[in-house]
Each structure stands twice: as C-alpha cells, then as structure tokens.
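The block underneath contains the structure these notes are about, expressed in structure tokens.
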Amino acid sequence: MIDLPTAQVPGIYHRRIGEIVVTAVSDGYYDTPIAAYRGITIEEASSAFERRFQRVPPRISINAFLIRSKGRIALVDTGAGDTMGPTLGLLQRTLATAGVAPSDIDTVLLTHLHPDHSNGLVGPDGSALFPRAELVVSEADVRFRKDDGARARHTVIEQLRYYDHPRRQIAPYADRTKHARGEVFPGVTAVPLPGHTPGHTGYMVSSGSETLFIWGDICHAQELQFPNPEVTVAFDVDPEEAVRTRRRTLDRAAADGIPVAGMHVHFPGLIRIVRNGSGYSEVPEIWAYEMA
Ligand SMILES: [Zn+2]
C-alpha cells in the first residue's frame, strides 16, 4: 500500500522583477459568506461562482508577499495569525519552508488594518512576531482604528475585530512604525487605494524596466468583481469609493499590461488584467521551474 497525499506542500511562488524577487507566501484560505457580496443578488452571485466551477460559499486565498531587494527582505501583510480558524494562520510555516526566519524580515508593509492582513503581526501573548521589523502602515488607517467615537457606533464583535485587534497588533511596533508614503523599501513605492479602508494602500515594485503592482484588496472575488467592478463587500468601509478605486486600478492595469498581485486573487495571486466587454478578466501567470 502507498500513502496517498492529503495536503499540498506550503504555497510559495517566486517572481523576478528586474533585480528584485517577489515571493507569494500563502497564509491559507477562507470561505466567505455569499451574503457578504453587495450590489448583486445571492442567486446571481451563486451562479457566477458555479459557472466558474467554484464552491459556494466561495473560497478565497489569503496571500502575503515577500520582497527581496538590495540584500533586505520585506513582507507585505502578515495573514490572520491565530484569529480566523484553522484554514488560516499558515504564514509562519510557509515562511519557514521558504527559508525565511521572522528575524530576517526588516520591514513589514501593510496594505491595511484588517484581520486577514494584520493579525499575524503578533502572537497569542501579544508580542511582536517580527522582532526586528519596522512597520509601514498608512496614517489614515491607524487614525481610523484609534477613533473611539467610530468604535462606539459598532457592535461588540465589530469593535473587537476592527478596533481592538488592530490596536493590539500595532502596539508592540509603536516605536518602529513609519507612514506608508513615497518610497518605503528599495524599489517599492506606496500607492493610496482608499475605499476598502480609508488608508488602503498598494505597493508598486519597480526594478529596471520591470514593474509589479501589489494591490491589496482591490478584489475579494475575481469571479464577481472583474466582470462587474460595482460589486462590493460588506467589510468595505466606503463602498462607493472602493468601486471608484477598483475601476481606476483595473483600468490602469489593463492599459499598462503589468503583472499585478492580489491578497485574495487565487494563489499564487499573480495575474494580468485584460478588458472584457464592460468589465475585465484575468490572465494567470504560467508556472515555470526556472524563474523568468
Ligand atoms: Zn482582505
């Protein structure tokens, strides 16, 4: 008898951008409630997923990205840590398989303060999991999450998820935190993408003539939001602004033809965008053993 495999090897995918190497590192996956999608009926959303052979409730990837540039290593987003169940929080294991120790990372760049992106900053005891890292996060997101007046208008669960957790995550990095503005790491520039959260930020990675845009949560479900960028999610802070930012970003990605990387684009999350009727569609990268 032979043993049948029951799980994948940890998800790692390297992509060279000029002299820089970007590595997709999987934190796992999350099944989102179908009712979280707005601007589309549950029936329409379900049939859009089923047409693409996706399960309902839809399963989305949670990706983070390493950036190796000029002898330094940055990590963009940190996954969910131990806060969102057993299908997430794999990042530390994935990093170990990629040969990267938490103390090798000298900069953590956050796209925004949401549980699946920032809760991996600290361990269960509240201590920093990246002992040497400087934290780069948008000033607008930090201000928003520290707003006691806004916090008071939410339910207890939302207060915990969107206010208390982020405050706890960024606290041990307080004396080594920088605003996400301009060049934040060699070859990496912060790009404001407000809407999903007030300080939602993308990171443009450039080296020589090559560019990759890490766009955070411009899309949660590519099956819905590429054909129809007007579809929003329940956890968009400003849905109308999120739609404007998504349209602008997809339009630019299609016009420029540059590769983009998304935290919730199916792992490894690297695609290109093309126009398709009144919307867009994606062209995934093709895996190759040798890195281009
Ligand atoms: Zn997210």
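Structure values in brief
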{"item": "M204, M263, ranked by accessible area, largest first (probe 1.4 Å)", "result": "M204, M263"}
{"item": "Of all accessible heavy-atom area on the chain, the percent that carbon and sulfur account for (1.4 Å)", "result": "54"}
{"item": "Inter-part distance where region 4-28 and region 233-277 are each reduced to a Cα centre, Å", "result": "21"}
{"item": "Kirkwood estimate for the chain, i.e. one over the average of 1/r between Cα atoms, Å", "result": "19.3"}
{"item": "For region 12-284: relative contact order, % (alpha-carbon pairs under 8 angstrom, 6 or more apart)", "result": "18"}
{"item": "3J(HN,Hα) from dihedral phi, region 124-134, Karplus parametrisation 6.51/-1.76/1.60, rounded to Hz, x for glycine, proline", "result": "x, 8, x, 8, 5, 7, 10, x, 9, 7, 7"}
{"item": "3J(HN,Hα) from dihedral phi, region 176-189, Karplus parametrisation 6.51/-1.76/1.60, rounded to Hz, x for glycine, proline", "result": "9, 10, 10, 6, 7, 8, x, 6, 10, 6, x, x, 10, 10"}
{"item": "Whole-number D in µm²/s for region 228-275 (Stokes-Einstein; Kirkwood sum over Cα pairs; 25 °C, 0.890 mPa s)", "result": "211"}
{"item": "Under-5 Å amide H pairs with E134, H placed in peptide plane, nonlocal only", "result": "T107, V108"}
{"item": "Karplus (6.51, -1.76, 1.60) ³J(HN,Hα), θ = phi - 60°, over region 249-259, in Hz, Gly and Pro reported as x", "result": "5, 5, 5, 5, 5, 5, 5, 7, x, 7, x"}
{"item": "Per residue accessible area in Å² of the chain, where ligands, DNA and RNA are left out and the probe is 1.4 Å", "result": "47"}
{"item": "For region 168-249, radius of gyration divided by Kirkwood radius, i.e. Rg to Rh on alpha-carbons", "result": "1.03"}
{"item": "Ellipsoid equivalent to region 116-261 - semi-axes via the Cα gyration tensor, in Å", "result": "27, 22, 12"}
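The values are calculated or read from the model by the stated rules, or taken from the named source; none is laboratory data. Computed from a predicted model, the values in this text were never measured in an experiment. The protein model used for the area step is the full one, side chains on, heavy atoms only, and it has no ligands, DNA or RNA in it. Shrake-Rupley method; radii C 1.70, N 1.55, O 1.52, S 1.80 Å.
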